[in-house]
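Heads up, the thing below is written out as structure tokens.
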Amino acid sequence: MALYSEKVMDHFKNPRNVGEIENPSGVGQVGNAKCGDIMKIYLQVENNIIVDAKFETFGCGSAIASSSMATEMIRGRTVEEALALTNRDVVTALDGLPNHKIHCSVLAEEAIKTAVKDYYDKNNIPYDPAMFPEGDHDHEEEHIRMV
Ligand code: FES
């Protein structure tokens, strides 16, 4: 079996939603301290619906494929649905990632959550801070938030 699925290769070679949104409703940037890769996700929200999502990823192919797939998965969804998206959902949608690349998909989940938090903060929308665990150690890699 090939190391990377066809979907991973497709989203790596033809990434969807690359770029920046001017005046985004929310933006989230996260990095992986070990590999140094950085992912930034922009959200445009109207009436609680994510009408646009874009990303800029300075990182490995799996991180690019994860950002591409994750932004596709949250476009047209509610903010709460985006918040519920897990890195496992992204991995499943990509037909899998090698074990040592799972952490790349974690960046996508965290960047989206950070962007939603930014949206909530900008709009004074109350939320339970526990939804955005700082220093979450569930993941096998250490991540840092930069926004
Ligand atoms: Fe760093 Fe993939 S190796 S995000």
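Using the 1.4 Å probe convention, the accessible area of the chain works out to 50 Å² per residue with neighbouring protein chains retained.
Derived scalar couplings between HN and Hα for the range 21-38 equal 9, 6, 6, x, 5, x, 9, x, 10, 9, x, 9, 5, 6, 8, x, 6, 10 Hz in order, rounded to whole Hz, by the Karplus curve 6.51 cos²θ - 1.76 cosθ + 1.60 (θ = phi - 60°), x for Gly and Pro. Can you pull a Stokes-Einstein diffusion coefficient for the chain at 10 °C (1.306 mPa s), Rh from Kirkwood over Cα pairs, as a whole number of µm²/s? The diffusion coefficient I find is 106 µm²/s. Taking every DSSP helix (H) stretch of at least 4 residues in the chain, weighting each as -39,500 (n - 2.57) and dividing the sum by the residue count yields a mean residue ellipticity at 222 nm of -11500 deg cm²/dmol. Computed packing ranks the peptides 86-97, 14-25 as 86-97, 14-25, most packed first, by mean other Cβ atoms within 10 Å. Model label points for Met131 and Val18, set 7 angstrom from Cα along the Cα-to-Cβ axis, are 3.2 nm apart.
Given their separation in residues at 0.36 nm each and the Cα-Cα distance between them, Ala84 and Lys7 gain 25.5 nm when the chain is fully extended. Counting only protein heavy atoms and a probe of 1.4 Å, the accessible surface of the chain is 50% carbon and sulfur.
Within the shell of other residues whose beta carbon sits under 11 angstrom from the beta carbon of Asp10, the net charge comes to +1, with Lys and Arg scored +1 and Asp and Glu -1. Take every pair of alpha-carbon atoms less than 8 Å apart whose residues are at least six positions apart; their mean separation over the length of the chain yields a relative contact order of 31 percent. Membrane-span-like helices in the chain (whole DSSP H runs, Cα extent of at least 27 Å along the helix axis, mean Kyte-Doolittle hydropathy of at least -1.0): 102-122.
The values are calculated or read from the model by the stated rules, or taken from the named source; none is laboratory data. Just so it is clear, the structure is predicted and the values come from calculations on it, not from any experiment. Positions of Cβ are backbone-derived with ideal geometry, glycine not excepted, and every protein chain shown enters the neighbour counts. Ligands, DNA and RNA are stripped out before the accessible areas are found, and what is left, the full protein with its side chains, is counted by its heavy atoms. Shrake-Rupley method; radii C 1.70, N 1.55, O 1.52, S 1.80 Å.
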